[in-house]
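The values are calculated or read from the model by the stated rules, or taken from the named source; none is laboratory data. These figures come from a predicted structure and were not determined experimentally. Glycine also receives a Cβ, built like all others from the backbone with ideal geometry; neighbour counts cover every protein chain displayed. In case anyone asks, the SASA skips ligands and DNA or RNA and just uses the protein heavy atoms, side chains included. Shrake-Rupley method; radii C 1.70, N 1.55, O 1.52, S 1.80 Å.
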Amino acid sequence: MTIAAAVTAPTTSPVHAAPRHAAPAVQPRAPSRREPSPLNPNAPPQALRSATSAPPSSSAAADGARAHIANLDKVLGKPPRPASHAAAAARQEQEQDGEQEPLSVRHGLLNALNLSFFVPMPGMRARTAADEHMSPRSLMHMQQLLSADSPRASPRSTIAPRWRSLHGEGGWAGLLDPLDSDLRRELLRYGDFVQAAYQAFHSLPTASARHRGLMLPDRSYRPTRSLFATSALSMPPWAKRPNTPEWLTQQSNWIGYVAVCESEREVARMGRRDIAIVLRGTATCLEWAENLRASLVPLDGESSDGAEAGAEEPKVARGFLSLYKTAGEKFKSLSEEVMDEVRRLMEKYKGEELSITVVGHSLGAALALLVADEVATSIPDAPPVAVVSFGGPKVGNAAFVDRLSSSGKVNVLRIVNAGDMVTKVPGVAPRLPHKKEQYQHVGAELRIDSKNSPCLRPDAGPACRHDLEAYLHLIDGFTGTGRPFRHDARRSVIRLLQLQRGNVKKEYVNRARELGVDPAAPADAGRSMAYGNCAVASPSS
């Protein structure tokens with residue numbers, strides 16, 4: 001039942017609201033043995049314990065919910081809505097309750113991977129009323145989250161003395177569970193960089209090398225080069241449709257950018273000048289096709305002689321290597337573009353303390369491992385390299401994992417949402433049983449879970465579990481395994497509502513509407529709030 005429906009629900013006798021200037025009517029004294037409502041935020045702890053010890057009846061629960069809603073509206077200071085508007089909202093909610101929502105909602109090919117329509121997921125069940133429950137504290141905190149006009153900025157506390165440990169030296173030991181506050185905010189900043197890459201591609205997918213749609217949420221960084229990935233595959237003529245956008249089937253597409261920290265104040269705060277290499281996830285048809293090419297191939301493209309040597313050489317997924325090494329008609333390969341820009345920036349800032357952070361989501365996380373490996377092996381004097389992987393798949397075999405681990409320059413942090421299918425497979429296709437070599441993950445793991453969010457449904461579908469904004473929302477609230485969601489989390493949830501409305505609890509969606517936020521609005525509508533600082537990537541300048 002929505003807030004509007006609860007407030008306007010009929011009672012046994014009509015109740016007339018008194019004028020604001022009138023003194024409240026004297027109420028008869030309540031019986032001395034009456035127990036306080038456990039849904040009242042001001043209820044004593046013993047009332048909550050007594051409520052959980054015995055299950056209330058349906059009528060008692062309904063009365064308690066009405067009291068809770070009334071108290072919440074008083075705290076939030078929400079003025080009563082007109083009766084006609086409230087009745088219409090109640091009717092709309094009743095119609096929605098009459099139809100069971102699907103377990104997963106499509107959010108478009110470009111935004112999230114949704115395999116629930118093709119692969120049955122374990123634990124999938126019908127949604128119940130328990131999935132919609134939100135505590136009074138969560139609803140009150142929601143008003144603050146919806147009023148936040150941008151994600152929280154990067155930490156302003158000085159991290160110069162410990163930047164190497166935050167950058168992965170020591171494998172992030174002691175920083176992940178419980179999650180270090182400085183590391184959390186660094187991860188959120190890098191995650192927002194990837195969100196900026198998604199926003200730029202979706203707004204101007206056919207833009208040239210000077211990608212004018214790129215907006216960075218952090219003014220201290222400036223994009224220096226746009227990056228393109230080219231597929232070795234081509235779209236067959238019979239598969240092309242007359243109304244299909246050209247960028248969806250073209251071989252070369254904008255996939256990310258290189259940015260460098262140019263604020264001297266921020267450089268002093270972080271203890272080094274950071275070079276960020278940012279890569280988005282799968283967006284085009286040919287990129288999806290490359291994901292399905294999951295056979296293992298040698299990194300150098302040629303297998304060594306002899307069975308023994310072949311079994312030990314580093315190998316990676318064919319599709320990922322194809323996107324990384326293939327050059328296009330107008331663009332160099334992603335490998336050449338990244339290496340050229342890294343060498344140029346290292347020469348420009350020669351003599352300074354530098355670091356390289358390669359960050360990506362989904363496909364971008366897989367390509368980030370290839371970037372880090374090549375930087376460590378082809379640039380002898382390369383600075384420390386950290387890979388931040390959001391929902392990344394497996395990329396290579398055990399020899400590839402050993403190669404990265406033994407380089408001494410690369411540290412990998414994999415952020416994994418429990419139930420995210422992409423993190424469990426090589427590419428998006430499972431390993432064939434007859435294959436002797438197996439894919440393996442590399443690096444430290446930070447495990448989060450959608451079930452810990454106060455606003456996401458506990459049975460959120462695969463699209464939500466793989467969505468980048470859901471990842472950032474969960475990181476912002478994660479404190480440690482088995483611990484509650486962070487009570488002072490301040491990341492705006494407007495974008496999460498717009499992208500994952502079907503996986504957000506109804507009470508949250510309804511309250512958002514009352515606060516003036518339209519969850520049905522396009523996600524790009526909030527871009528000006530989330531990414532207000534515009535920075536344009538210029539080619540090698």
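Answer yes or no as to whether V416 is open to solvent by less than 40 Å² (accessible area, probe 1.4 Å), touching a residue at least 60 places away in the same chain (Cβ under 8 Å) and not in a loop (DSSP other than H, G, I, E, B). Before the answer, list the steps.
Details: open to solvent by less than 40 Å² (accessible area, probe 1.4 Å): yes; touching a residue at least 60 places away in the same chain (Cβ under 8 Å): no; not in a loop (DSSP other than H, G, I, E, B): yes.
For V416, the condition - open to solvent by less than 40 Å² (accessible area, probe 1.4 Å), touching a residue at least 60 places away in the same chain (Cβ under 8 Å) and not in a loop (DSSP other than H, G, I, E, B) - is not met.
Of the numbered conditions (1) touching a Lys or Arg at 6+ places or on another chain (Cβ under 9 Å); (2) among the aliphatic types (A, V, I, L, M); (3) modelled with pLDDT of 95 or more, A429 fails exactly one; give the number of that condition.
(3)
What's the number of the condition E302 fails, among (1) at pLDDT 90 or above; (2) part of a loop (DSSP other than H, G, I, E, B)?
Checking E302 against (1) at pLDDT 90 or above; (2) part of a loop (DSSP other than H, G, I, E, B), the one that fails is (1).
Looking only at the range 340-349, decide whether some residue is among the β-branched types (V, I, T) and either under 23 Å from S263 (Cβ atoms) or open to solvent by 80 Å² or more (accessible area, probe 1.4 Å) (or both). Break it down into steps so the answer makes sense when it comes.
Restricting attention to the range 340-349, the residues satisfying the condition of being among the β-branched types (V, I, T) are 342.
Now drop any that are not either under 23 Å from S263 (Cβ atoms) or open to solvent by 80 Å² or more (accessible area, probe 1.4 Å) (or both), which leaves 342.
Yes; the residues of the range 340-349 include at least one that is among the β-branched types (V, I, T) and either under 23 Å from S263 (Cβ atoms) or open to solvent by 80 Å² or more (accessible area, probe 1.4 Å) (or both).
Being of a type in the set (G, A, S) and under 26 Å from the mean Cα position of the chain (by Cα) is the filter; apply it to the range 262-289 and report the residue that is most open to solvent (accessible area, probe 1.4 Å).
Here is the first cut: in the range 262-289, the ones of a type in the set (G, A, S) are 263, 268, 271, 276, 281, 283, 289.
Of the ones still in play, those that are also under 26 Å from the mean Cα position of the chain (by Cα) are 276, 281, 283, 289.
On the way: A276: 0, G281: 0, A283: 1, A289: 34 Å².
Selected residue: A289.
Search the range 347-406 for residues being without any contact (Cβ under 8 Å) to a residue 40 or more places away in the chain and of a type in the set (A, V, I, L, M), and hand back the single one that is nearest to A196 (Cα to Cα).
V385
Sort out which residues of the range 338-358 are of a type in the set (V, I, T) and over 15 Å from V267 (Cα atoms), and write them in order of number. Explain how you work it out, then say what you get.
Just the residues of the range 338-358 that are of a type in the set (V, I, T), to begin with: 338, 342, 356-358.
Answer for the range 338-358, where residues must be of a type in the set (V, I, T) and over 15 Å from V267 (Cα atoms): V338, V342, V358.
Within the range 442-494, how many residues are closer than 25 Å to G170 by Cα and touching a strand residue (DSSP E or B) at 6+ places or on another chain (Cβ under 6 Å)?
10
Out of the residues in the range 251-261 that are in contact with a helix residue (DSSP H, G or I) (Cβ under 8 Å, 6 or more places away or on another chain) and not aliphatic (A, V, I, L, M), which is most open to solvent (accessible area, probe 1.4 Å)?
Going through the range 251-261, the residues in contact with a helix residue (DSSP H, G or I) (Cβ under 8 Å, 6 or more places away or on another chain) turn out to be 251, 253-261.
With not aliphatic (A, V, I, L, M) added as a condition, the list becomes 251, 253-254, 256-257, 261.
On the way: Q251: 79, N253: 3, W254: 1, G256: 0, Y257: 0, C261: 0 Å².
The extreme case among them is Q251.
Looking at A512, A521, A489, can you tell me which residue is in contact with a Gly (Cβ under 6 Å, 6 or more places away or on another chain), modelled with pLDDT under 85 and over 24 Å from G256 (Cα atoms)?
So the residue among A512, A521, A489 that is in contact with a Gly (Cβ under 6 Å, 6 or more places away or on another chain), modelled with pLDDT under 85 and over 24 Å from G256 (Cα atoms) is A489.
Taking the criterion of being crowded, with 24+ Cβ neighbours inside 10 Å, of a type in the set (S, T, Y) and in contact with a helix residue (DSSP H, G or I) (Cβ under 6 Å, 6 or more places away or on another chain), would at least one residue in the range 367-390 satisfy it?
For the range 367-390, residues crowded, with 24+ Cβ neighbours inside 10 Å, of a type in the set (S, T, Y) and in contact with a helix residue (DSSP H, G or I) (Cβ under 6 Å, 6 or more places away or on another chain): present.
Scan the range 181-206 for residues that are among the small types (G, A, S) and touching a helix residue (DSSP H, G or I) at 6+ places or on another chain (Cβ under 7 Å) and jot them down.
Initially, the range 181-206 is screened for residues among the small types (G, A, S), giving 181, 191, 196-197, 200, 203.
Within the range 181-206, G191, S203 qualify.
Return the total of residues in the range 308-320 being within 28 Å of T284 (Cα to Cα) and open to solvent by less than 20 Å² (accessible area, probe 1.4 Å).
4
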